[in-house]
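Please read the structure below before turning to the comments.
The values are calculated or read from the model by the stated rules, or taken from the named source; none is laboratory data. Keep in mind that this is a model prediction, so the values were computed, not measured. Quick reminder, even Gly has a Cβ in these numbers, built from the backbone with ideal geometry, and neighbours come from all protein chains shown.
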Amino acid sequence: MKIIIAPDSFKGSLSAVEIANAINKGVKNAFADAETHLLPVADGGEGTMETLVSATNGEIREANVIGPLGVEVKAAYGILGNGETCVIEIASASGLALVPEGKLAPLEATTYGSGQLIKQALNDGFSSFIIALGGSATNDGGAGMLQALGVKLLDKSGTEVGYGGGKLADIEKIDTSFIDRRIKDSKFLIASDVQNPLVGLNGASHVFGPQKGATPDDVKILDENMTHWANQIADVTGISLHDLPGAGAAGGIGGAFQAFFPAKLERGIDVVLEYVNFHRYLKNADLVITGEGQVDYQTASGKTPLGVAQAAMKENVPTIILAGAVGEGVEVLYDYGVVSVHSIIDKPMTLHESMCQTAHLLKKSVEQIVRTYFF
């Protein structure tokens, strides 16, 4: 039998590579001679850079940049094995993980460091980029990133505005005269699992702002400011980001890429599957096993398990999904080649207990699942 193992990370517990190894051990416990192929993946969020670098035998470089709270942090970007393509995760320079507990500041958080990371890669000679959106602590519409790359955001007095989504309402002029000229000669593939527009009830502020610490009052301010930002961008570029799918990704940085960069937006999992040559491994496969920490109705919006299952279904290969927690609405996944969805929890336990035992629980669950499937 041939089994493809293509999970995402179980966030807060194990990386995608570690999850794949645990699943593989479970398969081998059941069928020692099974042919397995480990292809850990990601959907454009955290872990995408590591996955792509590992899959292509690339390398990782570090740089000091301004973090989301305006304090210097150490960030990193990846270089694929071809030596030509640079992978940048917005979360590396502007992510939630960089903010100390209790210090979330959605009105002040900036993407300036993400712009610095892009500039460093440009300085290092790269012109081909994969940008992974996800896990940001910011809601500034990508304004900080643009400032780091030379764009002047000026108030009524002609003074450069400060950082954060709370300052977007002060912008009266967007001056792109000094934007890094190397950008127009580069190409940017934007990997994201988010199709939300920039503003409105389904926009960046309303949907993702609370995850970044925004109160109801903050959300109202941020959405109003983001609308002003979108109006300013439309005046300069002729591009309306207000209702544009994907513009709300990563606190609106998805919109900045679509308005100011030669960028192409694609579903993150599709980008990763292409680079790990997923379709090549599907030939003559009997089963695909995928998963992530939480699986529910939202998984069908473009998360890793859905993308993996859709790709496998094209080759008539069934998919089994594993998760730490299985929520409501998973039955929609059965329309995409998923034959079953399983929680790895085998007895009552706390979240902390389950996260500490993830590898063990995976091995046990997988062994029983594949024994049943191939009986």
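Restricting to the stretch 195-232, and then to whatever is charged (D, E, K, R) and surrounded by 19 or more Cβ atoms within 10 Å (Cβ to Cβ), can you tell me which residue is nearest to residue 247 (Cα to Cα)?
Across the stretch 195-232, the extreme among qualifying residues is 223.
Would you check if residue 48 is crowded, with 24+ Cβ neighbours inside 10 Å, among the β-branched types (Val, Ile, Thr) and out of contact with any His (no Cβ under 8 Å at 6 or more places or on another chain)? In short, yes.
Out of 186, 157, one residue alone is closer than 25 Å to residue 119 by Cβ and of a type outside the set (A, V, I, L, M, F, W, C). It is 186. Check the stretch 295-311 and report whether any residue there is within 14 Å of residue 362 (Cβ to Cβ), surrounded by fewer than 24 Cβ atoms within 10 Å (Cβ to Cβ) and more than 18 Å from the chain's Cα centre (by Cα). No.
Close contacts from the stretch 4-24, counting a first residue that is among the basic types (Lys, Arg) and a second that is at pLDDT 90 or above, with Cβ to Cβ under 7 Å and a gap of 6+ residues or different chains, come to 11/293.
Applying the criterion of being out of contact with any Leu (no Cβ under 7 Å at 6 or more places or on another chain) and buried (at least 24 other Cβ atoms within 10 Å of the Cβ) to the residues of the stretch 274-291, the residue that is nearest to residue 41 (Cα to Cα) is 290.
Selection within the stretch 312-347: residues that are within 15 Å of residue 373 (Cα to Cα) and in contact with a Gly (Cβ under 8 Å, 6 or more places away or on another chain). The member of this set that is surrounded by the most Cβ atoms within 10 Å (Cβ to Cβ) is 322. Can you confirm whether the stretch 172-194 contains a residue that is buried (at least 16 other Cβ atoms within 10 Å of the Cβ) and without any contact (Cβ under 8 Å) to a residue 24 or more places away in the chain? No, the conditions are met nowhere in the stretch 172-194.
Residue-wise test of (1) of a type in the set (A, V, I, L, M, F, W, C); (2) touching a strand residue (DSSP E or B) at 6+ places or on another chain (Cβ under 7 Å); (3) assigned by TED's automatic domain parsing to the domain that holds residue 93; (4) at pLDDT 95 or above.
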| site | (1), (2), (3), (4) |
| --- | --- |
| 132 | yes, yes, yes, yes |
| 135 | no, yes, yes, no |
| 155 | no, no, yes, yes |
| 168 | yes, no, yes, yes |
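Restricting 293, 307 to those that are touching a residue at least 60 places away in the same chain (Cβ under 8 Å), more than 12 Å from residue 3 (Cα to Cα) and in contact with a Phe, Trp or Tyr (Cβ under 7 Å, 6 or more places away or on another chain) reduces the list to 293.
Every residue, every condition in (1) under 19 Å from residue 18 (Cβ atoms); (2) in a strand (DSSP E or B); (3) touching a residue at least 40 places away in the same chain (Cβ under 8 Å), yes or no:
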residue	(1), (2), (3)
289	yes, yes, yes
324	yes, yes, yes
349	no, no, no
355	yes, no, yes
362	yes, no, yes
367	yes, no, yes
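Every condition in (1) modelled with pLDDT under 90; (2) at positive phi; (3) not aliphatic (A, V, I, L, M) holds for residue 329 except the one numbered (1).
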